[in-house]
1. I'd like to check one number: the per residue accessible area of the chain, probe 1.4 Å, reported in Å² as a whole number.
2. Exposed loop GluC sites (Glu not before Pro) only (DSSP loop, at most 10 other Cβ atoms within 10 Å): please give the longest stretch of the chain free of them, not including the sites.
3. Once the cut-off is 19 Å, how many percent of the Cα-Cα pairs in region 107-217 end up in the long-distance tail?
4. Quantify, in whole percent, the carbon and sulfur part of the accessible surface of the chain (1.4 Å probe; protein heavy atoms only).
5. When mean projected area of the Cα convex hull in nm² is calculated directly from the model, which label among (1) 15.5; (2) 17.0; (3) 21.9 fits?
6. Say each of residue 1 and residue 122 gets a label point 7 Å from the Cα, pointing the same way as Cα to Cβ; how far apart are those two points in nm?
7. Which trypsin sites (Lys or Arg not before Pro) does region 108-178 hold that lie in a coil by DSSP with at most 12 other beta carbons within 10 Å?
8. Just want the answer: with Cβ charges of +1 for Lys and Arg and -1 for Asp and Glu, which residue in 122, 154, 175 is farthest toward the dipole's positive end in the chain?
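The values are calculated or read from the model by the stated rules, or taken from the named source; none is laboratory data. Keep in mind that what you see is a predicted model, and the values were worked out from it rather than measured. Here the Cβ positions follow ideal geometry from the backbone for every residue, glycine too, while neighbour counts run over all protein chains shown. The protein model used for the area step is the full one, side chains on, heavy atoms only, and it has no ligands, DNA or RNA in it. Shrake-Rupley method; radii C 1.70, N 1.55, O 1.52, S 1.80 Å.
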Amino acid sequence: MDYKNISFDESVEEVADYLGITIERDSTPFSDENSELEEFYDINVLAAKYFSNKLLKSDEGEIARKYFKERNIKSSTQKTFGLGFAEPSWENLLLYLKENNINLLKAKELGLIDTRDNGNFYDKYRGRLMFPIFSTNGRVIAFGGRIMNSEEKAAKYINSPESKIYSKRKTLYGLYHSKEEIRRIDKALLVEGYMDLISLHQFGVKNVVASSGTALTEEQVQLLSRFSKNVTVLFDADIAGQKASLRSIEILLKHDFDVKLVSFPNGEDPDSYINNFGAEEFNSQINSA
């Protein structure tokens, strides 16, 4: 549980699967702590399905579908990564949580809703593209929300707060989807953002993880080292990206990684580069890192 930052239930299932043991469940209740963790996971899964349905099926989600179409993100890819849309409304998710008898204080603890000064709840994510963040085992532990209307005076991204099931320092975005490919070819590509990873994955480059726009941490590097100690850093060409890549390289070297670096032309990032020049040219960049 400590090593992978996962629940007791997940730990038992993973070890059993590794050893080829079939788990037979009985009616014995979990401890209070593990029951609470499972409740947090269930709330996040419910929210992820809600956001996904809004993106894929609702009239309000057309603006988000149009955005992803312009970014060349296919519907199948949206489903793979559980992408979603939060409407501009202040209480649509709140009402949905109430309809499903969700503990609103726990939903607030997960950062899905918040309270006004008068104590009333409201939706935390409004008018945003939603990116579920998965644990290494594929459970929804957090969300990142990107603003749709760039003219609004609001943060470009809102991310879930630390919780009993989510530690940002211990999480790499996309690792659940990429871990087998990283292990198979013994090499990881490290990018900055959600869209970089999703675009590369769609083009068949599947050994990618993202630092989610923050400098790499000791815990993230230790997590990655379980799958490979060969990493190619692909950060943006701007000054901020260069600084972030230098910090990441420093910590990777400290943990005995074999590190390579790809420097894209000015104005390009992994997402734009592979869309503009194709997978073959992108792989050429990787091979000459």
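1. In whole numbers, the chain has 52 Å² accessible per residue.
2. By the stated rule (loop sites, at most 10 other Cβ atoms within 10 Å), 152-289.
3. For region 107-217, the share of Cα pairs beyond 19 Å comes to 50 percent.
4. Within the chain, the accessible surface is 47 percent carbon and sulfur.
5. Only one option fits the structure, namely (2).
6. About 3.8 nm, to one decimal.
7. Listed in order of number, the matching sites are 116, 153, 156.
8. Value computed over the given set: 154.
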